[in-house]
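Q: Can you read through this structure? Questions will come right after.
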Amino acid sequence: MRPIAFLIPFALLAGVSAPALAGSISIDGHGEITAAPDMAMINSGVTTQGATAREALDANTAAMAALIESLKQSGIEARDIQTSGFAVNPNYVYSDARDANGYSQPPKIDGYQVSNNVTVTVRKLADLGAILDKSVTVGANTIGGVTFAVADPTELYNEARKAAFADAKAKAELYATAAGSSLDEIMSISETQGFNAPQPYPMYARAEMSDAAKVPVEAGEMSFAINVTVQWELADTSK
């Protein structure tokens, strides 16, 4: 009978355990910084009516010229005034009358409407209320909304990045310690960017506003957020 051979791992013969394979951990982190806006964008314009398209356009052109001149006199530079909408539309009149066959009569054109709008960047927020009031005074009868912003959010995002990485690292260290390990080299970092801004709100101008005080405006705060995903190698605990 041949003798039975036993295969014993070298590591056991040497009296040491086999090395454990190092793993990795991937953790998401969130960082958010708030700041007051330092500029605003408003959408302002004029809508006019006329018996003919020419009549409506002439009235609109005169009113828009007054509005743009008013904005420039208020300190708004030409580069911060941009046409954002222009339209000429007929006004239709619908009738309940029917023809001899019982069909509805087609609508008839009863004059024309012309709309012209500009997007205005206001770089001095302290002037915003006065600009809104003055715009209405000179003829603006549509103000579509106000949007606030920070002119240069670079440093705000950089602070949010630091906070997001610190958040990810703190959570990763907690998990690694709970697993009996520790963090080693970083394998990858990826980010997504975003911000939460005050929502634009509609402002429908009326002629009566020309006799009112400066329009009250509250800018509030904006938040600039960064989300990161960081992957670390876990330290080899067998060493």
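Q: In Å, what is the Rg of the alpha-carbon atoms in segment 92-148, and how long is Dmax?
A: 20.9, 64
Q: Can you list the lysines whose alpha carbon is less than 21 Å from that of Lys134, not counting same-chain residues fewer than 8 positions off?
A: Those lysines meeting the cut-off are Lys72, Lys124, Lys214.
Q: How big, on average over all directions, is the shadow cast by the Cα convex hull of segment 102-191, in nm²? Mind dumping the intermediate values first?
A: Numbers: hull surface 64.0 nm².
With the hull built on Cα positions only, its mean projection is 16.0 nm².
Q: So which chymotrypsin sites (Phe, Trp or Tyr not before Pro) in segment 56-114 are both in a DSSP loop and have at most 15 other Cβ atoms within 10 Å of their Cβ? Walk me through the numbers on the way to the answer.
A: Working: sites: Phe86, Tyr92, Tyr94, Tyr103, Tyr112; in loops: Tyr94, Tyr103.
Sites meeting the loop and neighbour criteria: Tyr94, Tyr103.
Q: Roughly how many percent of the accessible protein surface of segment 44-106 is carbon and sulfur, given a 1.4 Å probe and a whole-percent answer?
A: Details: 2080 of 4060 Å².
For segment 44-106, the apolar C and S fraction of the accessible surface comes to 51 percent.
Q: Rounded to whole Å and sorted largest first, list the principal axis extents of the Cα atoms in segment 25-154.
A: Dimensions of segment 25-154 along the principal axes of its Cα atoms: 78, 52, 20 Å.
Q: Can you tell me the alpha carbon radius of gyration of segment 52-122 divided by the globular rule-of-thumb value 2.2 N^0.38 Å?
A: Values: Rg = 18.8 Å, N = 71, 2.2 N^0.38 = 11.1 Å.
The reported ratio for this selection is 1.70.
Q: Cα to Cα, under 17 Å, and not fewer than 8 places away if on the same chain: which lysines meet these conditions relative to Lys171?
A: Lys162
Q: By how many nm would the segment from Met187 to His30 grow when fully extended, if each residue of separation counts as 0.36 nm and the alpha-carbon distance is taken off? Don't jump to the answer; show the numbers that get you there.
A: Numbers: separation 157, 0.36 × 157 = 56.52 nm, distance 1.86 nm.
Result: 54.7 nm gained on full extension.
Q: Stretch Tyr175-Val93 to full length: gain in nm at 0.36 nm per residue minus the Cα-Cα span?
A: 22.5 nm
The values are calculated or read from the model by the stated rules, or taken from the named source; none is laboratory data. These numbers were taken from a predicted model, which means no experiment stands behind them. All Cβ positions, glycine included, derive from the backbone under ideal geometry; neighbour counts span all protein chains shown. For the accessible areas, the whole protein counts, side chains as well, though only heavy atoms, and no ligand, DNA or RNA atoms are used. Shrake-Rupley method; radii C 1.70, N 1.55, O 1.52, S 1.80 Å.
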